[in-house]
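Before any comments, here is the structure.
Every number here is computed from the coordinates shown, using simple stated rules; none is lab data. Please read these numbers as outputs of a predicted model, since none were measured by experiment. Cβ: placed from backbone, ideal geometry, glycine included. Neighbour counts: every protein chain shown.
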Amino acid sequence: MKQILINGKPQEIEEGASLLVLLLNNGQPTQRHSVSGANRCGICGMGICFECRVTVDGKVVRACQTGCHEGMEVWTDAR
Ligand code: FES
């Protein structure tokens, strides 16, 4: 199995699987916090709401539009 890092912790992945689904299935329903501190999570699952923003390898991306690949480093709480 291949691995990625999510907030510094190793996680096994299936190559190409949706990053948003991986986060949800692994108990991370909150991908970020709003400016007022409210939990935010992907709503649409198709790239429109931008609520699933995370940082992957230093770039802010939408988790629902990102496939997992070996060695990627994911940080939640992207702005
Ligand atoms: S879930 Fe809406 S943009 Fe990703």
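Cysteines without a disulfide-compatible partner in the chain, using Cβ under 4.7 Å as the rule?
Lone cysteines by the Cβ rule: C41, C52, C64, C68.
As an exercise, use a Förster radius of 30 Å and the Cβ-Cβ distance of H33 and M1 to find the FRET efficiency, rounded to the nearest 0.05.
Computed FRET efficiency for H33 and M1 comes out at 0.45.
Just tell me the longest site-free run in the chain, where the sites are GluC sites (Glu not before Pro) in a DSSP loop having at most 13 other beta-carbon atoms within 10 Å.
Result for the longest clean stretch: 16-69.
As a test of the formula, what do you get for the chain when each DSSP H run with n ≥ 4 contributes -39,500 (n - 2.57) and the sum is divided by the residue count, at 222 nm and rounded to the nearest 500 deg cm²/dmol?
Calculated from helices alone, the mean residue ellipticity at 222 nm is -2000 deg cm²/dmol.
Starting from the exponent 0.38 and prefactor 2.2 Å, build the expected Rg for the chain from its residue count and divide its actual Cα Rg by it.
Computed over Cα atoms of the chain, the ratio equals 0.99.
Which whole-Hz couplings ³J(HN,Hα) result when phi for each residue of the range 6-23 is put into the Karplus expression 6.51 cos²θ - 1.76 cosθ + 1.60, θ = phi - 60°, listed in order with x for Gly and Pro?
Going residue by residue, I get 10, 6, x, 9, x, 9, 6, 9, 9, 3, x, 5, 5, 5, 4, 5, 4, 4 Hz, with x marking Gly and Pro.
Please work out how much length the chain gains when fully extended from K59 to E73, using 0.36 nm per residue of separation minus the C-alpha to C-alpha distance, in nm with one decimal.
Difference between extended and current length: 4.0 nm.
Quote to one decimal, in nm, the extra length available between E14 and I48 on full extension: 0.36 nm per residue of separation minus the C-alpha distance between them.
Extra length from E14 to I48 when fully extended: 9.8 nm.
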